[in-house]
Structures are given as C-alpha cells and as structure tokens.
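The values are calculated or read from the model by the stated rules, or taken from the named source; none is laboratory data. Owing to the predicted nature of the structure, the values given are computational and were not obtained by experimental measurement. Glycine gets a Cβ as well: all are built from the backbone with ideal geometry, and neighbour counts include every protein chain shown. Keep in mind that these areas ignore ligands, DNA and RNA; they rest on the heavy atoms of the full protein, side chains included. Shrake-Rupley method; radii C 1.70, N 1.55, O 1.52, S 1.80 Å.
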Amino acid sequence: MSEFRKDPLSDHWVIIAPNRAERPEQFGLGSLERSTGRCPFCRGHEADTPAQTAAYSATGRLIDQGPWQVRVIPNKFPAVENVREQRPEQRDFFRSRHGVGVHEVIIECPDHVTAFSHLSDQQISLVFQAYRDRMAYWRGDPRLAYAQIFKNSGASAGASLEHAHSQLIATPVVPTQIENELVRSADYFQQHGRCVFCEMIRRELADPIRLVEQTEQFVAFCPFASQFPYETWILPRQHGSHFEFTEDGRLVGLAVMLRKILGRMEHLLNDPGFNYLIHTAPFGSTHLSHYHWHVEILPRVSNTAGFEWGAGDYINMVTPEQAAHVLRFGREPDGRQT
Ligand SMILES: [Zn+2]
Ligand SMILES: [Zn+2]
Ligand SMILES: [Zn+2]
C-alpha cells in the first residue's frame, strides 16, 4: 500500500509507503558480514533481483542478455506502486491519492564498485544515458507527471546497499520542490523576460568567486544561498528545460564534470556520503523558457538539526565562496591545505 497525502498546511506531498520498511540494511552490518554477504547488484547475481527493464552494453546499446555495463531493475521495495488500476482520489479536507508510480534502480556498474568516482568517465556516461532513456520512456506513460532521478551514496545519505547505484521515482504528482522552482522561475521570467538560471550562470561567470568548474557545455558553482556546506550545482550553458532531450555528446560532458567534482569532494572532504539529483521540467510540457534543468550535488558534511527542521531554512557554516575555492583549487582561501 502506498499513498500520496497532501499536508493541508505546508502543501507538501508525503508518500506513505510502509512497504519500504522491509528493505534490507546492508550498512548496518559489520564489515565481515558485509564482505561475505551476497550482493544482489553484482553481475552474475541477476536472479536475486526483479527482471531488468533495461540493460546497456559497453557501447551503450540496449541488450536483452550478455554482459551488461549498466542495468535497470524495478526496486524490490518500491515507494510507489506500478499498477494500472488506481483508487479514486480523495479531495476533502484530508486530500490523498493512490501511491501509483514507478520506482527503478539503476545499477551503475557490473563489478562491486562502491565509490562513484572510481567509475570511468565512459561508465558514468552510460549511467547518464540510462537516466535520460528511462526518463524519456516514462514520459510516455499517461499516469505520470514527473520523474525524480537521485543517488544516495553512503549510509549518511540514505543508501541501504553499497554497490554503486541510483534511483528513479516517477509519480503522478509534481514534487513540491520542483513546483516551487517552477513558480519562482516563472515569476522571474515574467518580471525580467529571461530565465533565472541563465542569469545565475551569467553572473557566476562574470564574478567567478563561487565558480567550481566550467567547460564549453557546463558550469558548476556553489549557489549564492547554498543550504548545505559545499552544495554544488551543475547547469548546462545552453538553455534547456527537459533533461530527457539531452544529446549523447552533452551527457559525456556532464559525466566528466560530475566525476571530477565528486572525486574532489571525496578527496578534500574526507569521503563524505552524498546525494545528487536531477531537477528537470515535468512531463506535461516540451519546452519552457523559464525553467532550466540542472544537477544538484549535496555532500553530507553536516547534520540537519532542530533549527532546520523547525524553520525549514538552513544554517550553513561554510560560506559558498570558501566552499567553491576549496573545490576549485584544493585548498582554503588563506592557503591552508585541506
Ligand atoms: Zn555488488
Ligand atoms: Zn536558462
Ligand atoms: Zn533545483
């Protein structure tokens, strides 16, 4: 049983998913148990997981069998239910709807690699190809409005299995965070006649104090009002609202930049857990002038505490300018080695 419930005060959707409580917790085990335990994501253990929905060869071809490099499977403990029949929506004071949707796992490599930054650029490109293809695929499903792609790496970031993997959750509702970004960016566009994300890129390049990395295709910076220490965003320089329309060549550029930044975080910040996620426009449109897809990287170097839970606003103890300097040059602004 899964259910979307709308909080009447905050307007947030909550997914009530008791089924998730049954999933195994690999990180809770001692290292010995973990090393002798059988990993369901390793190549050769395909029978331990639900049947794959897609698999890619080393050249990025979709394959039915044979040695895969990236494999996509339904999550065995999904947060939402992939069913055709839906219970009717409740629209009274307590608003709820059936927790219909799709929850997939993207297994990022065939061997038991746990650190994303240890994957090759080519392998990460394949992972991003899988993200794009799955998103494009689910876009055609009339039940669904949005697909959230995200990665939890490390127990502190919410991962329960250590083999490198990421997830896709597609839902009939547009997530609250996306809805907020859509509303704010539409407001900005109406007032200024341009995309707020394009404007951010322009300003971060003009005065590069928060710049982490740039190429011809992408720009990475620590946002002006970063909520978390070392929070970093990657944006394509060319305006585009929908990630699922990204061409192969750009996916490679994105993979290279992401790996570089995560490698630096691992090295400079003492191998923190992290999340990254893709924010993109909902399926119901094909082009939005005011919205610009992006990747947000959130290393777990601090805990969310009482003030943040209470206020919904964050206290960030590292200035975004200092964070960017460290991630760009590998040292603190005053010259101390980190
Ligand atoms: Zn494994
Ligand atoms: Zn833009
Ligand atoms: Zn965002």
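Among Glu85, Glu204, Glu266, which one moves the most in a GNM of the chain with springs linking Cα atoms closer than 10 Å?
Glu85
Let's test this: bin the Cα-Cα distances of region 177-329 at 5 Å from zero up to the farthest pair and state each bin's percent.
2, 9, 17, 21, 20, 17, 10, 4, 0
Grab the beta carbon distance between Arg202 and Arg87, set R0 = 45 Å, and tell me the FRET efficiency rounded to 0.05. Kindly include the intermediate steps, with their values, before the conclusion.
Numbers: r = 47 Å, r/R0 = 1.05.
Step by step, r from the Cβ atoms, then E = 0.45.
Quote to one decimal, in nm, the extra length available between Ala136 and Ala47 on full extension: 0.36 nm per residue of separation minus the C-alpha distance between them.
On the way: separation 89, 0.36 × 89 = 32.04 nm, distance 2.69 nm.
Once the chain is fully extended between Ala136 and Ala47, it gains 29.4 nm.
Could you work out the Rg to Rh ratio of the chain, with Rh taken as the Kirkwood radius (inverse of the mean 1/r over all Cα pairs)? Before the final figure, lay out the partial values.
Numbers: Rg = 20.1 Å, Rh = 21.2 Å.
The Rg/Rh ratio comes out at 0.95.
Report the calculated FRET efficiency for Asn270 and Phe224 (r = Cβ-Cβ distance, R0 = 25 Å), to the nearest 0.05.
Working: r = 26 Å, r/R0 = 1.02.
Plugging the Cβ-Cβ distance into 1/(1 + (r/R0)^6) gives 0.45.
Go ahead and run the numbers for FRET between Thr176 and Gln122, Cβ-Cβ distance against an R0 of 51 Å, rounding to 0.05.
Working: r = 36 Å, r/R0 = 0.70.
Using R0 = 51 Å, I get an efficiency of 0.90.
When a/c is below 1.5 the answer is rounded, else prolate if a/b is larger than b/c, else oblate, so apply that to region 185-264 with a ≥ b ≥ c taken from the square roots of the Cα gyration tensor eigenvalues. Mind showing how you got there, number by number?
Details: a/c = 1.89, a/b = 1.18, b/c = 1.60.
It is oblate, given that a/c is not under 1.5 and a/b is not larger than b/c.
Beta carbons within 10 angstrom, averaged per residue: use that to sort the peptides 148-155, 310-317, 275-282, highest first. It would help to have the intermediate numbers written out before the result.
Details: 148-155: 20.2, 310-317: 10.9, 275-282: 22.0.
Going by the mean number of other Cβ atoms within 10 Å, highest first, we get 275-282, 148-155, 310-317.
Using 0.36 nm per residue of separation minus the Cα-Cα distance, give me the extension gain between Glu216 and Ser289 in nm, one decimal. Can you show the working numbers first?
Values: separation 73, 0.36 × 73 = 26.28 nm, distance 2.11 nm.
Here the answer is 24.2 nm.
Keeping all protein chains in place, calculate the accessible area per residue for the chain (probe 1.4 angstrom), answer in Å². Present the calculation step by step, with values, prior to reporting the outcome.
Working: 16420 Å² over 338 residues.
About 49 Å² of surface per residue is accessible.
What is the distance, in nm, between label points placed 7 Å from the Cα along the Cα-to-Cβ direction at Ala115 and at Ala305?
3.0
Counting only protein heavy atoms and a 1.4 Å probe, tell me what percentage of the chain's accessible area is made up of carbon and sulfur. Could the numbers behind the result be given before it?
On the way: 8540 of 16420 Å².
Percent of accessible area from carbon and sulfur atoms in the chain: 52.
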